[in-house]
Amino acid sequence: FVGIPEEENPYLGRRGIRLYDTNPSIIKRQLRAVLRAGAGHNIRLMLPMVSQQSEVVKFRSFLNGVHTELEKENTPHLWPIPLGIMIETPSSVVMAEELALVSDFFSIGTNDLTQYIMAAERGTADLSSWADPFDPAVLRSIRAAAEAGKKNGIPVSLCGEMGADPDAVGLILGLGISSISARPDRIPLIKHIISGISVMDSEKI
């Protein structure tokens, strides 16, 4: 409905934050709605598909403009609002320290990060052996993002199928992740596993 031209590879095309420049009116309405609905509540904004620091800086300026507009209208709204990014592109991993300077939090999207790091489209069954979140290249990327967040004092969480995998919990904690997102039916089990794990021991492993 936003009129994206057909692309040969949409996974590498105009998606996520790349849509914001071409659809400012839609994004503005959405931000106004979020800020107004967020008044008095714990709401955070997260930007997907970030690959450059300038994208976050530009969006933050746009968000500030929406806040200023609502303020002039005397419209109740949430402010300030934490603004974070998804770590899911290889460039966001490489530039994690710079991105941490302009972000309030990181969320590592393991599904997309894995497919981009391993060059293995997650929807292609024949590539399933390459699309492995436990591959050393993916694990090193997760650790690099976690270390960049810690160095700059921002929280780093993890989402995706890896977060719901009981066998991955200890590894995730050991990589420096402070929060895990999992599907509802896995939460009790994940919490139980975490309660019996020493973070220090996980870091040593």
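Key figures
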read-out: Cα-centre dipole for region 5-79 with unit charges at Cβ (Lys and Arg positive, Asp and Glu negative), debye to 20; value: 240
read-out: By accessible area with a 1.4 Å probe, ligands and nucleic acids excluded, highest first: order of E98, E55; value: E98, E55
read-out: Computed FRET value (nearest 0.05) for D167 with E98, which takes r as the C-beta separation and R₀ as 22 Å; value: 0.10
read-out: Calculated FRET efficiency for the pair R18/R140, C-beta based, R₀ 25 Å, to 0.05; value: 0.45
read-out: Gain on full stretching of the segment that runs from S198 to R36 - 0.36 nm per residue minus C-alpha separation; value: 54.2 nm
read-out: Cβ-based net charge around N23, under 11 Å, with every Lys or Arg adding one and every Asp or Glu removing one; value: +3
read-out: Cα convex hull of the chain - mean projected area over all directions, nm²; value: 13.1
read-out: Residues whose placed amide H lies under 5 Å from that of I108, excluding near-sequence neighbours; value: I87, S157, L158, C159
read-out: The chain: DSSP helices with Cα axial extent of at least 20 Å and average Kyte-Doolittle hydropathy no lower than -1.0; value: 53-72, 136-151
read-out: Translational D in µm²/s for region 21-79 (Stokes-Einstein at 4 °C, 1.567 mPa s, Kirkwood Rh from C-alpha pairs); value: 106
read-out: Reachable lysines from K191, criterion Cα separation under 22 angstrom, eight or more residues apart if same chain; value: K204
read-out: Nearest-20 debye value, the chain charge dipole, Cβ charges on Lys, Arg, Asp, Glu; value: 760
read-out: Whole-angstrom gap from region 38-78 to region 103-123, using each part's C-alpha centre; value: 24
read-out: Size of electric dipole in region 159-205: Cβ of Lys, Arg +1 and of Asp, Glu -1, about Cα centre, debye, nearest 20; value: 120
read-out: Geometric extent, Cα atoms of region 1-113 - Rg, Dmax (angstrom); value: 14.8, 46
read-out: With every protein chain in place, the chain: carbon and sulfur % of accessible area (1.4 Å); value: 54
read-out: Radius ratio Rg over Rh of region 100-190, counting only Cα atoms, Kirkwood formula for Rh; value: 0.98
read-out: Contour excess over end-to-end distance, with Cα ends at A119 and V57 and 0.36 nm allotted per residue; value: 19.5 nm
read-out: Per-bin percent of Cα-Cα distances, region 88-138 [5 Å]; value: 5, 22, 27, 20, 12, 8, 5, 1
read-out: Partner aspartates and glutamates for K28 [C-alpha distance under 12 Å; skip if fewer than 8 residues away on the same chain]; value: E69
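The values are calculated or read from the model by the stated rules, or taken from the named source; none is laboratory data. Keep in mind it's a predicted model, so treat the numbers as computed, not measured. Backbone-built Cβ (ideal geometry, glycine too); neighbour counts: all protein chains shown. Quick note on the areas: whole protein, heavy atoms, side chains included, nothing else; ligands and nucleic acids left out. Shrake-Rupley method; radii C 1.70, N 1.55, O 1.52, S 1.80 Å.
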